[in-house]
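Structure, as structure tokens:
The values are calculated or read from the model by the stated rules, or taken from the named source; none is laboratory data. Remember, predicted model here, so these are calculated numbers, not experimental data. Reconstructed Cβ throughout: ideal geometry from the backbone, glycine too, with neighbour counts over all protein chains shown.
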């Protein structure tokens, strides 16, 4: 990531870096994620599709299956992961070997929201400062041994997604979250192509908010049309992982800092099937 003739003096990994004092300008060999088996980015072409909700429920589902899981909130200016995990009152603590992640019922979590003075404090930063913060979260957080690190990206195809992909070695790939309507699919196609441009595997596409089951007549109502995510996956030759229906409990549980995957609803049932497909892909 850096050349030892430039930044070794300020590097936090001086004691373990094999390139230290080698006398040559070489690429730093420190891999901050070397104890992490699978690093997955969760991306979307636009905001409001439920990407963060998918991230936290994926992390919780994997934890319930017995895996060691961490989640990195890489959305520096719009961090929502602590709210969805119910840990808004926690803070990140600086330890002897780096930053200690917050504990969310067994999930290790790091987010800019855990460093702010209040929940309403905005992060009014330009690109370079955001990039520096993401780099520090990746390199200096004591993730320890993990089976999965879920990285919740900000929406779009700009600085932050590119920086994460460049800073983290050996990414397992990306999951793209979309909703069924064409305005979302238009941007989601760009997100798929962004990932391909970065030469990362596209693990699959998840379609969120895919229809509502009327509680009175029990008929499906396609509020945002239907099947758009699956059609897009077929057109772009990527896997379709599944469709998550609109479920009022998803919203209420998220606001309460709880995950819906532990519930007994159609959305939870389908999401658990999506997680099983993901595990089979990465096996």
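Key figures
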item: Unique residue being out of contact with any strand residue (DSSP E or B) (no Cβ under 8 Å at 6 or more places or on another chain) and crowded, with 20+ Cβ neighbours inside 10 Å when the list is 128, 154, 79; result: 154
item: Test: residue in region 205-212 that is surrounded by fewer than 19 Cβ atoms within 10 Å (Cβ to Cβ), more than 15 Å from the chain's Cα centre (by Cα) and modelled with pLDDT under 85; result: yes
item: Per-region count, region 263-283, residues more than 21 Å from residue 41 (Cβ to Cβ) and either part of a helix (DSSP H, G or I) or not assigned by TED's automatic domain parsing to the domain that holds residue 218 (or both); result: 7
item: Residue that is nearest to residue 193 (Cα to Cα) [pool: residues in region 220-244 that are modelled with pLDDT of 90 or more and part of a strand (DSSP E or B)]; result: 240
item: Residues satisfying the stated conditions in region 37-61, i.e. out of contact with any helix residue (DSSP H, G or I) (no Cβ under 9 Å at 6 or more places or on another chain) and surrounded by fewer than 21 Cβ atoms within 10 Å (Cβ to Cβ); result: 47
item: Count - residues of region 224-252 that are out of contact with any strand residue (DSSP E or B) (no Cβ under 6 Å at 6 or more places or on another chain) and over 14 Å from residue 177 (Cβ atoms); result: 12
item: Of all residues making up region 88-118, the number that are over 22 Å from residue 147 (Cα atoms) and touching a strand residue (DSSP E or B) at 6+ places or on another chain (Cβ under 6 Å); result: 3
item: Of all residues in region 245-261 being in a loop (DSSP other than H, G, I, E, B) and closer than 15 Å to residue 86 by Cβ, the one that is farthest from the chain's Cα centre (by Cα); result: 256
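Yes/no per residue for (1) more than 15 Å from the chain's Cα centre (by Cα); (2) closer than 23 Å to residue 253 by Cβ; (3) at pLDDT 90 or above:
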{"residue": "84", "(1), (2), (3)": "no, yes, yes"}
{"residue": "89", "(1), (2), (3)": "yes, yes, yes"}
{"residue": "107", "(1), (2), (3)": "no, yes, yes"}
{"residue": "119", "(1), (2), (3)": "yes, yes, no"}
{"residue": "139", "(1), (2), (3)": "yes, no, no"}
{"residue": "142", "(1), (2), (3)": "yes, no, yes"}
{"residue": "150", "(1), (2), (3)": "no, yes, yes"}
{"residue": "161", "(1), (2), (3)": "no, no, no"}
{"residue": "168", "(1), (2), (3)": "no, no, no"}
